[in-house]
């Protein structure tokens, strides 16, 4: 394959990654990494460098729309970023001193198991909103957004401490592997904090850019961000994220949830396979 | 725009993200076009992409080399600059959020966002230089 074809292929794949990543709140690394490593034989370090750029691009590119249209909950996002950034630093420290293969297998298995509650809620449109009390009230973790069919949805968050813990796991994963943070963020907001699905995926999208930026320094300093790989990825992702954001705003919560469940399953299997590859 | 109005926060943050993305996208696009035009795509790049044995620290990403590349209009350096702008966009968003919460007189969230900013800058700028973290 010639380099021009490589660049064009990565550009097209990244548009797709940007569309799906911006809808489900996962940043697109799930798509970009296997295409680069398995299909194109690129070194995993350069693939992770490209994934970090893909995540930041998906995040900023789609969040600009989600924040303006007030689907993202800014306070929930800022509050949970306390955990995701601390987690990212912890993850980088763990990566320095341990073999990440075993941890990757554990995290992959947790993602796989979390498919069960996700599938049980598969038809859920808007969760029954809990009463706003305790820490959630003190932190102002409440919000309102307009659904695609014009309904105004008012919701409150619950169990902020559990949400914080789940997001810390997401941060550790990002710092450790450079990927996988988005899945745990969405699960924390959906399963623990009981936010509407679109609020969960768009708030995850808002946060993953900061988590990825926290890890970006290490990858950039190591020279893992290869301009030739990253350029088509960045441009494709930004186009995809702009398209994906428009699709999400017009989609139903149930559709977003189904799409998320499918991509969650793919991400879990990818992580477990990669862990097996590492430990063999 | 009245910054004390909670509505303005969504507008300002939305714009910061949009401009960051547009500026970095344009710089990366120009760098890519210049790379293709200079036929750099067929020589240097191929080695980097296809040789699994490329040394891990094969790319010179020191600030001095990027600055030198920018002055000499090296396409690689322009793409790197675009990527740096992209990485800086979420950081700018956090910095501006601190001020927006201050304008709303929301002390709790000024504190939350300031702590996030400190953790973020520590992780980005300090951890790469801690021995062992390069593993």
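Bear in mind these aren't lab numbers, they're just calculated from the coordinates by the rules spelled out. The structure presented is a predicted model; accordingly, all values stated were derived computationally and were not measured. Backbone-built Cβ (ideal geometry, glycine too); neighbour counts: all protein chains shown.
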| query | How far is it, in nm, from the label point at residue B:15 to the one at residue A:122 when both lie 7 Å from their Cα along the line to the Cβ? | reply | 4.5
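Report the semi-axes of the equivalent ellipsoid for the stretch A:1-85 in whole Å, largest first, where each axis is √(5λ) for an eigenvalue λ of the Cα gyration tensor. Can you show the working numbers first?
Numbers: eigenvalues 163, 42, 14 Å².
The answer is 29, 14, 8 Å, longest axis first.
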| field | Difference of contour (0.36 nm per residue) and Cα-Cα distance, residue B:5 to residue B:105 | value | 34.9 nm
| Classify the stretch A:215-280: rounded, prolate or oblate, from the alpha-carbon gyration tensor (a ≥ b ≥ c, eigenvalue square roots; a/c under 1.5 rounded; otherwise prolate if a/b is larger than b/c)? | oblate
| note | Helix A:197-221 sits off the longest principal axis of the Cα atoms of chain A, rounded to the nearest 10 on a 0 to 90 degree scale, by 30
| said: Nearest 10 degrees is fine. How inclined is helix A:3-24 to the longest principal axis of chain A, computing both from alpha carbons? | reply: 20
| field | Folded to 0 to 90 degrees: helix A:227-250 orientation relative to chain A principal axis, Cα | value | 20
| remark: Going from the fewest other Cβ atoms within 10 Å to the most, one would list B:7, A:162 as B:7, A:162
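Between residue B:23 and residue B:115, what's the calculated FRET efficiency when r is the beta-carbon distance and R0 is 30 Å? Round to 0.05. Don't skip to the answer; put the middle values down first.
Values: r = 28 Å, r/R0 = 0.93.
Once rounded, the FRET efficiency stands at 0.60.
Quick check on the exposure proxy: order A:149, A:125, A:190 from fewest to most C-beta atoms within 10 angstrom. List each step's numbers first, then the result.
Values: A:149 7, A:125 13, A:190 27.
The fewest-first ordering by Cβ neighbours comes to A:149, A:125, A:190.
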| query | Where does each of A:30, B:12, A:262 land when they are ranked from fewest to most other beta-carbon atoms within 10 angstrom? | reply | A:262, B:12, A:30
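Dividing the convex hull volume of the Cα atoms of the protein assembly as shown by its residue count, what figure in Å³ per residue is obtained?
Taking only Cα atoms, the protein assembly as shown has a hull volume of 129 Å³ per residue.
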